[in-house]
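Below is one structure, written out as C-alpha cells, with a few remarks after it.
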Amino acid sequence: MADVEQGAALPSGVPPPDVLNASAANGTDAANGTATRFVSTPEGTALAYGSLVLMALLPIFFGALRSVSCAKSKVRSYRSDNSSDMPETITSRDAARFPIIASCTLFGLYLFFKIFSQEYINLLLSMYFFVLGILALSHTMSPLMNRAFPTNLPNRQYQLLFTQGSGEAKEEIVNYEFDTKDLVCLCISTVVGIWYVLKKHWVANNLFGLAFALNGVELLHLNNVSTGCILLGGLFIYDVFWVFGTNVMVTVAKSFEAPIKLVFPQDLLEKGLEANNFAMLGLGDIVIPGIFIALLLRFDVSLRKDSRTYFYTSFLAYIFGLGLTIFVMHTFKHAQPALLYLVPACIGFPVVVALVKGELTDMFR
C-alpha cells in the first residue's frame, strides 16, 4: 500500500494556520519500489474544490443570518444591563493588535514544532479541540434540535450552578442553564468528538470545522466597517508576509493536526470515504471575511429596506475571491495566501456599490 503524505499547503489567515491546499500524495510503486506521485483526476479535483467552496459558503451565509438575531439579543441585553449574553465585539484597537498577536502565536507554534515532539503537541491540541468542538457543534445544532425535537417528549430544565463563598460574599463562578434538547445535542456532539479523536476522519474534522466557522461568524461582531477594514487590511499583510516571506506558515500547517481547516479528498471517486489526498481550506479564510460579510448584512438590516444589497454583493465577492485563489494556485503551482485575493474583493465590491448608491458615508458611520 502506498504511504500517503500531505503535500505543500496554501496557508492563509490567522493561527492556528489556515490553508488552501492542493495536496500531492507521495507513494511507492509496488512493482519497482520507486517513488510515485498521486495525480488526481480532473473530476476529483473539481469535486474537491467545489465541495470546499460550498462548505465555506454555508457557515458564512447561515452565520451571518444568525448574527442578526444575535445582535438583536445584544441590544436587549444592553438595555437590561445583562452583558453576560452579549457576543464578543471587536473594536478598532483589537483589530489593529490582532495581526501582531496572530504573528506571535504562529511563530510560537513554529518553534514548538521545531523543539518538541510533534506527536505530543498534537495530542494536547486534539484534547483541547475535542472539548471546544463538542461545545461549538452543540451550539450549532441547537436551532435545528428545537425544530426536530418531538413535542410529546418532556423538555426538562436544568441548571449547573457553581459558587464561591457564602452569605453576602457569595459569588457565582458558573451559572449555566440548559434543557433536554441541549443534552441531546451534547450527546450527539460527544459521539462526533470521540470519532474525531480516535480516527481523525475527515468527515468528523469537517463537522467540527463547520461548527467553529459558523460560531465565529455568528458571535464575533465588528463594531463598524472601519474596524473591519483595519482587521482585514492587517491580516492581508500578515498573510502575504508569512506565506511569501518565510516558510513558517507552511511548516506549521503541515504539522498542525486539529479541526482548524476544512478538508475534502481529491481521490474520493477512487477510494470512497477512505480517501486521503486532501485539498484544504483554513477556517481563517472563512471566519475573517465572514464576520465582515455578517456586518454588512446587519448594515442592510439597519437601513430598513427590503433589499440585502451589501450582503449579497460581499457574498458574491467572496465567491469571486476564493475562485481566483484556486485559479492562481493551479496556474502557478505555488502556495497562495487566500486573503491576498479575498480582502480586496470583500472590501472593494461593497465600497463600489456604496459609492454608486451614495451611501458610503452611512456605511462607514
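The values are calculated or read from the model by the stated rules, or taken from the named source; none is laboratory data. Note that this is a predicted model, so its numbers are computed, not measured. Please note: Cβ atoms are built from the backbone with ideal geometry, for glycine as well, and neighbour counts cover all protein chains shown. What goes into the accessible areas is simple: the full protein's heavy atoms, side chains included, and nothing from ligands, DNA or RNA. Shrake-Rupley method; radii C 1.70, N 1.55, O 1.52, S 1.80 Å.
Taking the conditions (1) part of a helix (DSSP H, G or I); (2) in contact with a strand residue (DSSP E or B) (Cβ under 6 Å, 6 or more places away or on another chain); (3) more than 15 Å from L132 (Cα to Cα) in turn, N206 satisfies each one other than (3). Just so you know, in the range 325-337 the residues that are on the phi < 0 side of the Ramachandran plot and either open to solvent by 60 Å² or more (accessible area, probe 1.4 Å) or outside any helix (DSSP H, G or I) (or both) include one that is modelled with the lowest pLDDT, and it is A335. When restricted to residues that are open to solvent by 10 Å² or more (accessible area, probe 1.4 Å) and part of a helix (DSSP H, G or I), the range 297-313 contains 7.
Counting residues in the range 184-199 that are within 18 Å of the chain's Cα centre (by Cα) and in contact (Cβ under 8 Å) with a residue 60 or more places away in the chain gives one or more. The residues in the range 267-294 that are buried (at least 24 other Cβ atoms within 10 Å of the Cβ), over 25 Å from L109 (Cα atoms) and of a type in the set (D, E) can be counted, and the count is 0. Examine the range 158-177 for a residue that is open to solvent by less than 60 Å² (accessible area, probe 1.4 Å) and under 20 Å from the mean Cα position of the chain (by Cα), and state whether such a residue exists. Checked the range 158-177: no residue is open to solvent by less than 60 Å² (accessible area, probe 1.4 Å) and under 20 Å from the mean Cα position of the chain (by Cα). Would you mind finding the one in L340, L316, L355 that is at pLDDT 90 or above and open to solvent by less than 60 Å² (accessible area, probe 1.4 Å)? That would be L340, the only listed residue that is at pLDDT 90 or above and open to solvent by less than 60 Å² (accessible area, probe 1.4 Å). If the condition is being part of a loop (DSSP other than H, G, I, E, B) and more than 18 Å from the chain's Cα centre (by Cα), then the range 246-261 contributes T246, N247. The number of residues in the range 115-124 that are open to solvent by 30 Å² or more (accessible area, probe 1.4 Å) and touching a residue at least 24 places away in the same chain (Cβ under 8 Å) comes to 1. Restricting to the range 252-261, count the residues that are modelled with pLDDT of 85 or more and either open to solvent by 10 Å² or more (accessible area, probe 1.4 Å) or among the acidic types (D, E) (or both). Selection size over the range 252-261: 2. Every listed requirement among (1) of a type outside the set (V, I, T); (2) assigned to a helix (DSSP H, G or I); (3) surrounded by 16 or more Cβ atoms within 10 Å (Cβ to Cβ) is met by F264 save one, (2).
Evaluation of A213 against the conditions (1) buried (at least 20 other Cβ atoms within 10 Å of the Cβ); (2) out of contact with any helix residue (DSSP H, G or I) (no Cβ under 6 Å at 6 or more places or on another chain) shows that the sole unmet condition is (2). Residues in the range 216-229 that are open to solvent by less than 40 Å² (accessible area, probe 1.4 Å) and of a type in the set (S, T, Y): T227 only. Is it true that some residue in the range 75-84 is touching a Pro at 6+ places or on another chain (Cβ under 6 Å) and either in a loop (DSSP other than H, G, I, E, B) or modelled with pLDDT under 50 (or both)? No, every residue in the range 75-84 fails to be touching a Pro at 6+ places or on another chain (Cβ under 6 Å) and either in a loop (DSSP other than H, G, I, E, B) or modelled with pLDDT under 50 (or both). Looking only at the range 230-238, decide whether some residue is open to solvent by 30 Å² or more (accessible area, probe 1.4 Å), closer than 26 Å to K114 by Cβ and modelled with pLDDT of 90 or more. Looking through the range 230-238, at least one residue is open to solvent by 30 Å² or more (accessible area, probe 1.4 Å), closer than 26 Å to K114 by Cβ and modelled with pLDDT of 90 or more.
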